[in-house]
1. Through the Karplus equation 6.51 cos²θ - 1.76 cosθ + 1.60, θ set to phi - 60°, convert the phi angles of segment 133-142 into ³J(HN,Hα) values in whole Hz; use x for Gly and Pro.
2. Could you work out the mean projected area of the convex hull around the alpha carbons of segment 1-114, in square nanometres to one decimal?
3. Compute the length gained on full extension between A201 and E113: take 0.36 nm times their separation in residues and subtract their Cα-Cα distance, giving the result in nm to one decimal.
4. How many Å² of accessible area per residue for segment 84-163, probe 1.4 Å?
5. Quote to one decimal, in nm, the extra length available between Q98 and D218 on full extension: 0.36 nm per residue of separation minus the C-alpha distance between them.
6. Extension gain S194-Y177, at 0.36 nm per residue separation less the Cα-Cα distance, in nm?
7. Of K151/K199; K95/K215; K101/K199; K26/K77; K103/K198; K28/K199, which pairs sit farther than 32 Å apart, going by alpha carbon to alpha carbon?
8. Return the whole-Å distance between the Cα centroid of segment 4-31 and the Cα centroid of segment 114-156.
Amino acid sequence: MRIDFVTLFPDMFAPIMDASILGRAKEKGLLEWGCVNPRNFSADKHRKVDDRPFGGGPGMVLMAEPLEKAIKSVKKKGTAVIFLSPQGETFTDRKASQLAKKKHVVLVCGHYEGVDERALELFDEELSIGDYVLTGGELPAMVVADAVVRKIPGVLKKEDAAESESFVTSLLDFPQYTRPRVWRGREVPEILFSGDHKKIAEWRHKAAHAATRRKRPDLMSRA
Ligand code: 4FV
């Protein structure tokens, strides 16, 4: 998969995209990524990409023209162009699975008060990572990239394959334990040392159910 980020802050991405599982996905040739800066497509001698809102009001608005040119500079047939914004559909694990099937995804990062409304026609869809306002779309774009790339076959090692993760089964994960066996007088559940994998799997499923009922009852309807 190739991911292109349309962003005014391209230097924000390498620390995240080249680290850990994402970095390994690139080394394995399962992921390519790049950044396109609308400022490089501004017709203005001062490389202006934003301006004051018509009708007055606070802040600045991202202009449509530099955005369109930046998107067109990387867009190919079948490319999914996604705008990250609080007005978007809430991003979910299901959406991550859908996007992981794409060959090329362009993630457009807003800034300031938002983009010129007429630029919305440049996007195939709008996605939000949650009902709060961030400084820019860069962090949401990296959140989406992380969740999507983990779904690409071969990115996660077999043992930590995506299908055993939370939300795939609409259940939260079962509780995990590791050394020491006793910590602050608290013992690890005995069943986990039984070696009886069937019984352990049953215990984990029950524990995942209990955790979901307690912490995310809204998910139970889907479970
Ligand atoms: C956001 C979100 C988000 C809004 C104003 C960028 C900011 C600024 N994007 N999910 N929540 N974007 O807050 O995706 O332009």
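The values are calculated or read from the model by the stated rules, or taken from the named source; none is laboratory data. Note that the structure is a prediction, hence the values are computed from the model and not measured. We place every Cβ from the backbone using ideal geometry, glycine too, and count neighbours over all the protein chains shown. SASA here: full protein model, heavy atoms, side chains in, ligands and nucleic acids out. Shrake-Rupley method; radii C 1.70, N 1.55, O 1.52, S 1.80 Å.
1. With coefficients 6.51, -1.76 and 1.60, one gets 9, 9, 6, x, x, 5, 4, x, 5, 6 Hz.
2. Quarter of the Cα hull surface area: 8.5 nm².
3. Full extension of this stretch gives 26.8 nm more.
4. I get 54 Å² per residue for segment 84-163.
5. Length gained between Q98 and D218: 41.0 nm.
6. Fully extending the segment from S194 to Y177 adds 4.7 nm.
7. Correct reply: K101/K199; K103/K198; K28/K199.
8. Segment 4-31 and segment 114-156 have Cα centres spaced 14 Å from each other.
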